[in-house]
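Single-structure report; data block below.
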Amino acid sequence: MTSQLFQTLHTEIFGVWFLIGAALVFWMQAGFAMVEAGFSRAKNAGNIIMKNLMDFCIGTVMFVLIGFGLMFGENALFGLLGMPNLQIFSDYASFNWSNFVFNLVFCATTATIVSGAMAERTKFLSYCVYSAVLSAVIYPIEAHWTWGGGWLADMGFHDFAGSTVVHMVGGVASLVGAYVLGPRIGKYNADGTSNGIPGHNLTLAGLGV
């Protein structure tokens, strides 16, 4: 009886710790939004705030429907991805909701990293499509490799805080996006010299940091 009580208490404490961590990571959404809006021109602030909001809205739907299953499903194709399942819809009692929320906010963080790299030169609808694809397929598959028990995990690779699973993937997607889009209009002159495009609110940017 004592052992069972201890096990239950341990599970509850671990779940609360997961949710506290998820809340802290979720605050990164607000931080990214403030940094990007502050370092951008005032005319684009609304677009940037809305994109950061839609990251989480769209990302949640796609992660629930497809992403979570790809990330934590049973290994397939030699550990390259997980087999999608509908456990989140069918097994409410034993489903690990704190683990789901924790991984959901990391998925949203991965997506929102790219928003800053492509700020002021991305159409809203196009960005929403990107956010959906990254949240549904790209992040879940590569996160499965490490956090979902995939091929990297089998080789003994560990990523405790998301340096590769979250930040490297967001960074690579940012690099690709920035390369495809090119510089902002008016950033460079015909002779190759650059023009400064200062942000409209350094206080807001500082608060985001």
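A few points about this structure:
- Scanning region 172-200 for residues that are in contact with a Ser or Thr (Cβ under 9 Å, 6 or more places away or on another chain) and in a loop (DSSP other than H, G, I, E, B) yields 183, 187, 197, 199, 200.
- Considered as a group, the residues in region 23-43 that are open to solvent by 40 Å² or more (accessible area, probe 1.4 Å) and either basic (Lys, Arg) or not in a helix (DSSP H, G or I) (or both) include one that is nearest to residue 165 (Cα to Cα), and that residue is 39.
- Every residue from region 44-81 that is within 13 Å of residue 103 (Cβ to Cβ) and open to solvent by 50 Å² or more (accessible area, probe 1.4 Å): 72
- Restricted to region 134-148, and to residues there that are open to solvent by less than 30 Å² (accessible area, probe 1.4 Å) and of a type outside the set (S, T, N, Q), the residue that is farthest from residue 73 (Cα to Cα) is 134.
- Number of residues in region 73-86 that are in contact with a Leu (Cβ under 9 Å, 6 or more places away or on another chain) and either in a loop (DSSP other than H, G, I, E, B) or free of Cβ contacts under 8 Å to residues at least 12 places away in the same chain (or both): the value is 4.
- The set of residues in region 149-158 being surrounded by fewer than 16 Cβ atoms within 10 Å (Cβ to Cβ) and assigned to a helix (DSSP H, G or I) consists of 154 alone.
- The residues in region 122-132 that are assigned to a helix (DSSP H, G or I) and touching a residue at least 60 places away in the same chain (Cβ under 8 Å) can be counted, and the count is 5.
- Yes/no for residue 161 being open to solvent by 50 Å² or more (accessible area, probe 1.4 Å), out of contact with any Gly (no Cβ under 8 Å at 6 or more places or on another chain) and among the small types (Gly, Ala, Ser): yes
- Scanning region 87-121 for residues that are open to solvent by 40 Å² or more (accessible area, probe 1.4 Å), more than 30 Å from residue 175 (Cα to Cα) and not in a helix (DSSP H, G or I) yields 91, 92, 93, 94, 96.
- Candidate set: region 134-155, residues that are β-branched (Val, Ile, Thr) and touching a residue at least 24 places away in the same chain (Cβ under 8 Å); chosen: the one farthest from residue 54 (Cα to Cα): 141
The values are calculated or read from the model by the stated rules, or taken from the named source; none is laboratory data. All values derive from a computational prediction rather than experimental measurement. Counting neighbours? That spans all protein chains shown, and the Cβs are built from the backbone with ideal geometry, glycine included. Just the protein is used for accessible areas: all its heavy atoms, side chains included, with ligands, DNA and RNA removed. Shrake-Rupley method; radii C 1.70, N 1.55, O 1.52, S 1.80 Å.
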